[in-house]
Amino acid sequence: MEPIVIIGSGMAGYGLLRELRKLDRETPVTVITADEGAAYAKPSLSNALATGKTPEQLANQTAEQIGASLNAQVLTHTRVIRIDIAARQVETDRGSVPYSRLVLALGAYPIAHGVAGAAAGKILSVNDLGDYTRFRAALAGKKKVAILGGGLIGCEFANDLAAAGYEAAVVHLGPYPLERMLPAPIAQRLSEALAEAGVAWHFGRRAVSAETAGGSIALKLDDGSVIAADVVLSAIGLRPRMALAQAAGVKTGRGIVVDRLLQTSVAGIYAMGDCAEVEGWVLPYVQPLLQQARALAATLAGIPTPVNYPAMPVVVKTPVLPLTVAPPAPNQPGQWHTEMEAACMVARFKDEQGNLQGFVLCGQAPALRSALTKQMPPVLG
Ligand SMILES: Cc1cc2nc3c(=O)[nH]c(=O)nc-3n(C[C@H](O)[C@H](O)[C@H](O)COP(=O)(O)OP(=O)(O)OC[C@H]3O[C@@H](n4cnc5c(N)ncnc54)[C@H](O)[C@@H]3O)c2cc1C
């Protein structure tokens with residue numbers, strides 16, 4: 001029997017394998033991954049300095065251990081270069097692998113920073129354990145870090161670096177950090193809290209060039225000012241990996257388009273995790289991929305199971321001002337109302353009928369968080 005082939009050993013690919021093995025120990029499964037296949041929690045990459053973890057300590061299991069414990073073949077350092085739909089096989093840089101069903105769990109790639117200059121090639125991004133190992137090596141013995149992008153990941157790294165004693169500067173095009181997710185009063189509070197922790201903000205600015213200056217990097221901004229940095233980290237966002245699907249004629253949009261069964265436009269080929277667009281939603285977070293893993297495992301085990309998305313608040317790992325964010329759906333009409341409650345700042349996004357359609361909670365208030373989450377409508381019910 002040809003195996004179920006999963007491309008990708010991230011939280012999506014391995015999450016699916018784990019869920020599938022709860023239902024079916026026997027069907028052959030092959031995981032193909034371009035990296036070393038270690039299992040790790042990717043969110044830990046942006047708070048590992050504060051939690052005192054080295055890159056090696058972040059890896060929970062090797063590919064070999066995963067394969068042995070979950071009865072799967074894991075092909076590491078193997079890149080899929082083409083999907084041959086007619087022959088039901090994938091072609092890799094190490095040969096062809098036939099499949100009975102194929103799951104694309106390809107993740108997302110960092111958006112190109114577009115910075116010019118001789119030192120532009122030194123700008124790092126952190127989207128996997130290998131990147132993170134290089135980032136930590138670059139930090140060794142250094143002090144000043146410039147971060148491009150004050151979104152979720154940029155803010156988390158800024159907080160982590162500042163807490164670990166680095167001088168962090170953030171170059172952000174918007175007027176506040178995370179301005180697409182947060183109402184202005186809370187975004188402003190976050191920027192103040194990070195500034196108090198030592199983070200230098202450059203709002204409304206973009207980096208245009210990076211030049212070598214002695215042992216460091218001179219990062220020039222679009223107003224002509226220059227930031228001296230030992231390390232520059234780009235955190236300007238990620239895009240779903242779609243090239244393999246596109247080349248094979250699988251339908252794509254903002255991600256690889258799938259239905260509620262997570263099936264693509266081609267029968268027997270599924271997509272999940274950061275690369276997938278589920279009924280218009282591209283949600284590059286852990287909770288959606290866990291929902292997908294449970295549903296798709298059941299489908300692959302013979303019980304067609306549509307994925308459901310309850311309200312899935314995201315925790316922003318900025319200990320200077322911990323945030324829980326459940327953004328309203330794009331284009332949802334309504335307004336933010338911000339107030340203090342139980343010593344926490346809470347913003348509620350309410351529609352015209354007064355129903356809660358989104359919220360942001362500052363601080364640690366688990367009871368309030370769970371009460372707010374319960375009032376939220378499901379994302380995909
Ligand atoms: C720094 C950081 C912090 C984060 N913090 C949070 C958080 O606090 N909470 C939260 O919910 N989410 C967080 N996220 C997002 C979350 O980690 C991701 O949504 C999730 O890890 C994505 O998993 P994935 O398996 O879809 O993709 P990935 O982990 O990117 O896995 C993709 C896999 O596909 C493989 N691959 C790709 N192309 C090929 C190919 N052609 N051939 C073979 N293999 C291939 C790769 O090698 C990799 O194994 C964070 C993300 C980052 C980067």
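The values are calculated or read from the model by the stated rules, or taken from the named source; none is laboratory data. Quantities reported herein were computed from a predicted structural model and do not represent experimental measurements. We place every Cβ from the backbone using ideal geometry, glycine too, and count neighbours over all the protein chains shown.
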Practice task
Filter the range 258-285 down to residues that are within 12 Å of the ligand (Cβ to nearest atom) and in contact with a helix residue (DSSP H, G or I) (Cβ under 6 Å, 6 or more places away or on another chain) and give me whichever is nearest to residue 375 (Cα to Cα).
Solution key: 284
Fill in the blank from the handout: Matching residues in the range 338-351 (at pLDDT below 95 and of a type outside the set (S, T, N, Q)) number 7
Fill in the blank from the handout: Restricted to the range 352-381 and to residues being under 30 Å from residue 261 (Cα atoms) and in a loop (DSSP other than H, G, I, E, B), the residue modelled with the lowest pLDDT is 381
Practice task
Among residues belonging to the range 319-360 that are within 16 Å of the ligand (Cβ to nearest atom) and within 24 Å of residue 282 (Cβ to Cβ), point out the one that is surrounded by the most Cβ atoms within 10 Å (Cβ to Cβ).
Solution key: 360
Problem - Elements of type strands (runs of 3 or more DSSP E) in the range 63-181, at least 1 residues being more than 16 Å from the ligand (Cβ to nearest atom) and free of Cβ contacts under 8 Å to residues at least 60 places away in the same chain - result: 167-172
Problem - Which numbered condition residue 217 fails, given (1) within 16 Å of the ligand (Cβ to nearest atom); (2) of a type in the set (Val, Ile, Thr); (3) part of a strand (DSSP E or B) - result: (1)
Completion exercise
The lone condition residue 234 fails out of (1) among the polar types (S, T, N, Q); (2) without any contact (Cβ under 8 Å) to a residue 24 or more places away in the chain; (3) within 13 Å of the ligand (Cβ to nearest atom) is (2)
Practice task
Have a look at 15, 37, 52 and point out the one that is under 21 Å from residue 271 (Cβ atoms), part of a loop (DSSP other than H, G, I, E, B) and either within 11 Å of the ligand (Cβ to nearest atom) or at pLDDT below 95 (or both).
Solution key: 37
Problem - Criterion: at pLDDT 95 or above and surrounded by 19 or more Cβ atoms within 10 Å (Cβ to Cβ) - qualifying residue of 266, 316 - result: 316
Exercise for the section: Starting from the range 1-16, keep only residues that are assigned by TED's automatic domain parsing to the domain that holds residue 34, then list their pairs with residues that are within 7 Å of the ligand (Cβ to nearest atom) and of a type in the set (Ser, Thr, Tyr) whose Cβ atoms are within a distance under 7 Å, requiring at least 6 positions of separation or different chains. Expected result: 8/33; 9/33
